[in-house]
Each structure stands twice: as structure tokens, then as C-alpha cells.
Amino acid sequence: MKELPARRLLLVHAHPDDESINNGVTMARYAAEGAHVTLVTCTLGERGEVIPQGLAHLSGAALGGHRRGELAAAMRALGVEDFRLLGGPGRFADSGMMGLSDNDDPGCLWRADVDEAAALLVEVIREVRPQVLVTYDPDGGYGHPDHIQAHRIAMRAVDLAAEAGCPVEKVYWNRVPRSRVEDDFARLRAALPDTPFDRAAGVEDVPGVVDDARITTEIRGEGTAYAAAKSAAMRAHATQITVDGPYFVLSNGLAQPVLTTEHYELVRGARARDGVESDLFAGIGTEEAS
Ligand SMILES: [Zn+2]
């Protein structure tokens, strides 16, 4: 069996682009530090809305294939080599937004049996043996069916893997502290006339916003190569994201700040010390000093 680095991080996401928006700095940092970073994406996002006019013809499987290429480019930007689709490409279809008939597609992730899908993730956990897993909160951050399902699959897989003798020591949910993102949006509204964007999103449009007190961990990226890598990774998802400097839009056209410090809530495992952790692996005994 191939020797793996001492520190191993697994991220579970719904669609290509979610990893770069939520965890781009974190992934770039740990990859650069020599940790083994594994991304499992549950669908190819083939029901996503396409922003660029020149790519508007892409839909369904063609869009899924294109987004696979965008994901690969984003992973090059972040320095991450191990990225996989849950159960292989096309195993689970994008479920579309909540309440659409897309959710009824029997092949979509929302209709998948959680135990069956989790078993596929357990295979990855048993192979990679991550100490740390990152995913969404129970609402998927903002209620998208695929994000909710990715959460359920990830949490179920953690339980099943523990039963199989392969425990994940720490589990984190993606979070955004309210006071900080309110400050970011105030800056964005002031700068909006100088951006190519017409309107700003609101704090309520950002997934995973919670009171600051719930934040256990922050990975700082301001002014670092990791923030630049995150920006490049987000740009690689060109069908879904338009980046301009410190701001970006999704297909709704509403400007948001690129979050260069990424925040987490530890939900399984022991917090290393009082105060906010600055390392997802804090308190975990790895063979290498970190
Ligand atoms: Zn998504």
C-alpha cells in the first residue's frame, strides 16, 4: 500500500465550485504543507445555470463534462491531486434547486439512499484514512437539496467508518461568522460602483452564516498565495462564477466578497485549546511535527 502523508484531509461537497468557494484557501494551504488533501464531489452540477453567453449552449451531460474540466483546472490551481466524484462520474445526478421537478429524478442525489451513498464514501475513508473531514451543516449551508444530502452522506459515512475501525478524529462544518461577513458586505457596498457588478447580495445569501461564538476554527488567507490560489480556482469554474478582484458573482448576478479567511465549526472531536483554532489538525497526533 502506498505511503500517505501524516496529515490527511477529506472534503465532501455537492457540486464542482463549492470546494473553491468554501475551502479554497484551506485546500491550498494543506496541499502546500504536504498534507494529503482529498476532495469528494457528489455530482457534476449538470443542472447549474451557465453565466457566460459563449457557453450558454451547455446543459445536461455536456455541462457536467465541462464542469469536470473546470474542477480539474481548479484543483491544479489549489495544488490538489486527489479529487473524485462519489461513486464515479455521473453516478449521482445534480438534483436542481429545492422544489423543482428535477428533485424527482430517480438518479439524482436527493433521491439516493443515504446508506448506499455513504458506503461509497466509506471506501474512500478506508483508503485515505483522513483525520479531518469537512462538509456542510444539516441545512447544507443554504437549503440546496444536494448540499443537504452531501451533509447526510458525509456524517453517515463518518459513523460507518468508525464502526469499521477507521475513525475520523475531527469533523468540521463550513461556517461564516456573521459580524465578519457583515463588515465584508459593508466594504462591498461602498466599492460596488467601482466593480463591474450592479447589485450586491446580502448576508442572508451567504451559506453557513452563524453567530461568531460558534466559530471554532479559522484558516487565514489574506494576502497569501493561498488566497490567490483560491481566486484562481474560483475563476476556473467559469460557467458558474465571475470573479473581479476581491468580489464575485454567481448566476444570480449579485456581488459577494471572496472570503479569504475560511471559518469552521468543530462538531466531532476535541477542540485543541480554548480560543479559536488556526489549524484543522490541532490536537491530532501525527507522526510528523506540524
Ligand atoms: Zn453547490
>> Given the options Thr239, Thr260, Thr217, Thr195, name the one that is among the hydroxyl-bearing types (Ser, Thr, Tyr), within 28 Å of Glu49 (Cβ to Cβ) and open to solvent by less than 10 Å² (accessible area, probe 1.4 Å).
In response: Thr239
> Out of all the residues in segment 28-46, which are of a type outside the set (A, V, I, L, M), within 16 Å of the ligand (Cβ to nearest atom) and open to solvent by 10 Å² or more (accessible area, probe 1.4 Å)?
Replying inline: Glu46
> Hey, among Glu49, Glu81, Glu70, which residue is at negative phi and open to solvent by less than 40 Å² (accessible area, probe 1.4 Å)?
Replying inline: Glu70
>> Among the residues that make up segment 119-139, is at least one of them open to solvent by 50 Å² or more (accessible area, probe 1.4 Å), within 16 Å of the ligand (Cβ to nearest atom) and within 26 Å of Glu277 (Cα to Cα)?
In response: yes
>> I'm checking my understanding of the structure. Among residues of segment 181-201 that are free of Cβ contacts under 8 Å to residues at least 24 places away in the same chain and not charged (D, E, K, R), which one is nearest to Leu266 (Cα to Cα)?
In response: Ala186
>> If the requirement is being surrounded by 17 or more Cβ atoms within 10 Å (Cβ to Cβ), away from the ligand (no atom under 16 Å from the Cβ) and within 23 Å of Gly141 (Cα to Cα), which of these qualifies: Leu9, Leu109, Leu58, Leu86?
In response: Leu9
>> Report every pair of residues separated by at least 6 positions or lying on different chains whose Cβ atoms are under 7 Å apart, first residue within segment 41-69 and touching a residue at least 12 places away in the same chain (Cβ under 8 Å) and more than 18 Å from Gly253 (Cα to Cα), second in a helix (DSSP H, G or I) and of a type in the set (A, V, I, L, M).
In response: Thr41/Leu71; Cys42/Leu109; Cys42/Ala150; Cys42/Ile153; Thr43/Leu109; Glu46/Ala61; Glu46/Leu63
>> Looking at the structure I just gave you, is Val25 open to solvent by less than 10 Å² (accessible area, probe 1.4 Å), within 16 Å of the ligand (Cβ to nearest atom) and in contact with a strand residue (DSSP E or B) (Cβ under 8 Å, 6 or more places away or on another chain)?
In response: no
>> Can you pull out every residue in segment 12-22 that is in contact with a strand residue (DSSP E or B) (Cβ under 9 Å, 6 or more places away or on another chain), outside any helix (DSSP H, G or I) and open to solvent by 10 Å² or more (accessible area, probe 1.4 Å)?
In response: His15
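The values are calculated or read from the model by the stated rules, or taken from the named source; none is laboratory data. As the structure is a prediction and not an experimental result, all values here were calculated from the model. Methodologically, a virtual Cβ is constructed for each residue, glycine included, from the backbone with ideal geometry; neighbour enumeration extends over all protein chains shown. Ligands, DNA and RNA are stripped out before the accessible areas are found, and what is left, the full protein with its side chains, is counted by its heavy atoms. Shrake-Rupley method; radii C 1.70, N 1.55, O 1.52, S 1.80 Å.
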